[in-house]
Every structure is written in structure tokens, then in C-alpha cells.
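The values are calculated or read from the model by the stated rules, or taken from the named source; none is laboratory data. Computed from a predicted structure; not experimentally measured. Every residue, glycine as well, gets a Cβ built from its backbone with ideal geometry; the counts of neighbours run over all protein chains shown.
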Amino acid sequence: MKRLGLLCILLVFVFGIAGFSFADEKSYVENLIKSKTDQILAVIRNKNLSEKEKKQKIFDIAKPLFDFDTMSKLTLGRKYWSQLTPSEQKRFVDLFVKRLRMVYLDRVDIYGNEQIEYKPAIQKNKRIIYVPSVVLAKDQKFSVVYKFWKSPKGWKIYDVEIEGVSIVRTYRSQFISIIQKKGIKGLFKKLEKLTQG
């Protein structure tokens, strides 16, 4: 009977801790994206930094947030990713990161006076958390959803939705269209051309 009582106490303790951790992880992810966004906005608004310095600092802040390997796999899909050799996979990730950086992270000249309102994080399952937000810029506002997954290296962003449009799905559509017309080599050639400079 004592053993049964002890077992019940242990189960309550374990599940109580698990429940606490579940809620705590949502708070952790919320605070993570908020703190990193605040750091990025501070860099953008820093008038003592050159554009080149701002771009590098922003990338240094943002890079640890993202799981670029997973994003790369998702954009190609299992079928085409598995066709690449390890060296080609690395090459693709490098080119994809460079492209993302050029399109989203290096455009500091168009940012500056935005305000961001975060909504409560949404726990999709044990390993997936979404953080929805609204970006207010002048007379415009648009929704941004950061999609995190619990990777072996901790909580990382694997996709971002802007006004309901997924970055991963958008690139997947573009990349697969190129592959179907010009093959994997054609995709590499296109990415290299886009990321020159």
C-alpha cells in the first residue's frame, strides 16, 4: 500500500513537472523571439552603424534562431533532397541561406519604425510551437507567424508565414518547378546567379 502511495506521488510529481515544462516551453519560445527581435530592431535603429555593419549584426543575431538545414530539406522535399550527395546538400544549404539573407535579412534600408505586437504562442504538439505576431509599419499592418520545432539543438524556426504565405512552401514551389524543367544542376545554376554579388 505504501508503495502504491509512493507511486501515485511520483506520477503526480512527474506529470506535474511535465505540464509545467509544457507551458514553460511556450513562454521560453515567446521570450526568445521577442528578445531577438528587439535586438535586431535596436541594430536597425542604431545610427552609428554602417549598412554593412547592420547587415552582419542582424545576421549574427538571427542565424542561431533558424534551422536552415531543416528549412532546406523542406523546400526540396524528401524526393529531391535524397537525390543530392552530402556535398551537394551542403552546397544547397549554403546557397539557400545566402538567398534568404539577401531577400529578408539584408534589407535594413526598408525597416526602422516598425512596432511588433505578439500574440500568445500556440502549442501545436510537443515539438511544434507557433508564435503569431502583427507588424505595424506606418499605415500598414501584416501578420507574421514564426514556426518553431524542438530540434536536437533546441527550439529553432523551421518556417515563417507572412500574411499566410509560407516561406518554405513558396520556395518549394519555385525550386521544384526549376528542377522539373532544368534538373538539379539547373537549380544550382539559378541559385548561384541569384546570390552573386
Out of (1) farther than 22 Å from Asp67 by Cα; (2) surrounded by 12 or more Cβ atoms within 10 Å (Cβ to Cβ), the odd one out for Ser177 is which?
-> (2)
Going by the structure shown, is Gln196 part of a loop (DSSP other than H, G, I, E, B) and free of Cβ contacts under 8 Å to residues at least 12 places away in the same chain?
-> yes
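Results for (1) under 15 Å from the mean Cα position of the chain (by Cα); (2) touching a residue at least 60 places away in the same chain (Cβ under 8 Å), shown as yes or no for each residue.
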residue	(1), (2)
Thr37	yes, yes
Lys55	no, no
Ala62	yes, no
Asp67	yes, yes
Leu74	yes, yes
Gly77	no, yes
Trp81	no, no
Leu84	no, yes
Ser87	no, no
Inside segment 120-147, can you point out the residues that are closer than 15 Å to Ile162 by Cα and modelled with pLDDT of 90 or more?
-> Tyr130, Val131, Pro132, Ser133, Val134, Ser143, Val144, Val145, Tyr146, Lys147
Tell me, which residue of segment 139-174 that is farther than 18 Å from Gln123 by Cα and among the acidic types (Asp, Glu) is surrounded by the most Cβ atoms within 10 Å (Cβ to Cβ)?
-> Glu163
